[in-house]
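Notes for the one structure printed next.
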Amino acid sequence: MGKGSNGNSVSAVEKFRLQTPSDSVVKNVITWDEVAKHNTRNDCWIVVNSIVYNLSTFRKKHPGGSKILEFYAGQDATEVFNAFHKDFDRVAKYAKAYQIGQIDPNDALRGRSEQEREKVQKELEIREDFRKIQQIALEKGFFNSNFTFFFLHSFQIVFFYLLGFYIQIKYGGDWIPTLCALACSVLAQGQASWTQHDHGHSSLLRNPKHNRYIHMFFMGAIKGASADWWAFMHNLHHAKPNVIDKDPDCRLEPLFVVGETNPKRRAEENVKKNAKNLYPFTIQQYLFPIGAFLLFPTFFQITTIRHIFRKKKYADLVSMAPMFMLYFGCGYYAFGSVWKTLAYFFASRLLESAWFTWVSQCNHIVMDVHDDVAYESWLHLQLRATCNIEQSWFNDWFTGHLNFQIEHHLFPTMPRHNLYKIQPYVQSLCKKHNIKYVTKHLGEAFYDILTSLEKSGQLWQEAYDELKMSL
């Protein structure tokens, strides 16, 4: 912590925000139009706190992956930078080497129409108000972890995880022991989905590197997947949620189309290429419940293995070994059959997959799926793409506190047990700026997945028929 001009302590994020650029950087004033030209993977400029950085050569060295920098190439990345990083002092130390200039503070309004100026000024006001809330959260300790909370959640996971294997070894492969063991396995795997999510966001410890070790344990040894793969994909999702061609969680073609824009574009591709889908999207709402069961044992399992070998993340492969050894070793001991062991393993995968998929999708695909907007505030970006589920002790447990999805997306490194504390500040800010804040019942949120898919399917059919008739 340092000292501000008023004598009060300031946080690391404030110190980074208030850092003084070098003299050469101050003299080199760059316009937003010039920054916008450098928006490719090999010519990547971003702006953080009005300082322009040329990250073209740093891109591949970025710990969070190069893709996330490419998403913000030619744009202001101040808010996403502040949301994702915890070690500001360390980042500030190395960031100066990539500074190339400074943005003229009046440039954002120059050359714009009256209507455009009002819009930009509104976004600037929202950004400043959000920064104040972020500072309040820091001062009140909302980013501090409760180690007892995380220990108890971790304990329940490991307890039920090992209990399932104990039941198999002790009581064999009869129906009742198998169902009890399966229940323990699914409970442990479902809760591990939320706990690995915490550690993937560095919510527990201050040092991101230490969080990664714990993340590898829960993602690898418990869930049998690559921690690096999850972090890579999930960071992209958080950086540009529900943004077409950027958020991997809404790139669901050719199986599903979501939102209002994607179905029309898919229809255009179908007509242009004279290509047929695997099935008409008008029935996708009936196929989602089936797909929810299959996400883990098919798509996730294949992509996580592919990621390990493509990125040479062999440590993740080692971390996954205990999970497969336990499932297949204990399974074969109980059943004495390879096929029954495989059936038990996939039954566990299918059920945990359905649990995870329904919870993770009810907050997002029912919301706006849109193209990228270069100068959109972090608050607007996240509120367009996320909604909450009402709070209850069951919803908190069942969703891993992702019933506070709005707050989690605004403050991804905040420990989940503190999300309810920041909620009133977020709701107040949304009310002040007339931004819709959506909260639903759990059942309503699940049902909306099906209705939104039905609507998107109908939009695809209407666009497809209209384009066909125009030929």
Inset, instruction - Give, to the nearest whole percent, the P(r) tail of the stretch 420-471 beyond 12 angstrom, counting all Cα pairs. - result: 75
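If R₀ is 41 angstrom, what is the calculated FRET efficiency for the pair residue 428 and residue 333, using the beta carbon separation as r and rounding to 0.05? Numbers along the way, then the final one.
Values: r = 57 Å, r/R0 = 1.39.
Taking R0 as 41 Å, the efficiency between residue 428 and residue 333 is 0.10.
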Inset, instruction - Work out, step by step, the length gained on full extension between residue 209 and residue 343: first 0.36 nm times the residue separation, then minus their alpha carbon distance; give nm to one decimal. - result: 44.6 nm
Inset, instruction - May I ask for log10 I(q)/I(0) of the stretch 112-470 at q = 0.09, 0.10 Å⁻¹, from a Debye sum over the Cα atoms as equal point scatterers with solvent left out? - result: -0.57, -0.70
Inset, instruction - At 1.4 Å probe size, with no ligands or nucleic acids counted, give the accessible surface of residue 293 in Å², nearest ten. - result: 80
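From the Cα trace of the stretch 324-372, what convex hull volume per residue do you get, rounded to a whole Å³?
On the way: hull volume 5.0 nm³, N = 49.
Each residue corresponds to 102 Å³ of Cα convex hull volume.
Cα convex hull of the stretch 328-471: how many Å³ per residue?
On the way: hull volume 29.1 nm³, N = 144.
Value for the stretch 328-471: 202 Å³ per residue.
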Legend entry - Accessible area (Å², 1.4 Å probe, nearest 10) - residue 349: 10
Inset, instruction - Determine the order of 332, 98 by accessible area, beginning with the largest, at a probe radius of 1.4 Å. - result: 332, 98
Inset, instruction - Could I have the simple spin-label model distance between residue 421 and residue 90, label points 7 Å from Cα toward Cβ, reported in nm to one decimal? - result: 2.4
Inset, instruction - Note the count of lysine pairs whose C-alpha atoms are less than 25 angstrom apart in the stretch 168-300, limited to pairs 8 or more residues apart or on different chains. - result: 11
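When the Cα atoms of the stretch 77-220 are enclosed in a convex hull and the volume is divided per residue, what value in Å³ results?
Values: hull volume 25.0 nm³, N = 144.
About 174 Å³ per residue, rounded to a whole number.
Can you pull the Kirkwood radius for the stretch 230-377, inverse mean 1/r over Cα pairs, to one decimal in Å? Each step should come with its number before you reach the end.
Working: mean 1/r = 0.0559 Å⁻¹.
Mean inverse Cα-Cα distance, inverted, gives 17.9 Å.
Average projected area of the Cα convex hull of the stretch 131-208, in nm²?
Over all viewing directions, the stretch 131-208 projects a mean Cα-hull area of 6.5 nm².
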Inset, instruction - Output the DSSP H helices from the chain with an along-axis C-alpha extent of no less than 24 Å and a mean Kyte-Doolittle hydropathy no less than 0.0. - result: 147-171, 175-200, 314-335, 338-361
Legend entry - Per residue, in Å², the accessible surface of the chain once ligands and nucleic acids are set aside, probe 1.4 Å: 49
Legend entry - Relative contact order, percent, the chain [alpha-carbon distance under 8 Å, six or more residues apart]: 18
Inset, instruction - Note down the accessible area of residue 67, probe 1.4 Å, to the nearest 10 Å². - result: 80
Legend entry - Estimated FRET transfer efficiency when R0 is 60 angstrom, pair residue 180-residue 116 (beta carbons, to 0.05): 0.40
Inset, instruction - Could you please state how large a percent of the accessible area of the stretch 46-123 is carbon and sulfur, counting protein chains only and using a 1.4 Å probe? - result: 49
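Over the stretch 380-471, with every protein chain in place, what whole percent of the accessible area is carbon and sulfur at 1.4 Å, could you tell me?
Numbers: 2320 of 4170 Å².
Roughly 56 percent of what the probe reaches on the stretch 380-471 is carbon or sulfur.
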Legend entry - Rounded, prolate or oblate (a/c below 1.5 giving rounded, otherwise prolate when a/b exceeds b/c) for the stretch 165-287 by Cα gyration tensor: oblate
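The values are calculated or read from the model by the stated rules, or taken from the named source; none is laboratory data. The shown structure was predicted, so the numbers you read here are calculated from the model rather than taken from an experiment. All Cβ positions, even for glycine, are placed from backbone atoms using ideal geometry, and neighbour counts span all protein chains on display. Calculation scope for accessible area: heavy atoms of the full protein, side chains included, ligands and nucleic acids excluded. Shrake-Rupley method; radii C 1.70, N 1.55, O 1.52, S 1.80 Å.
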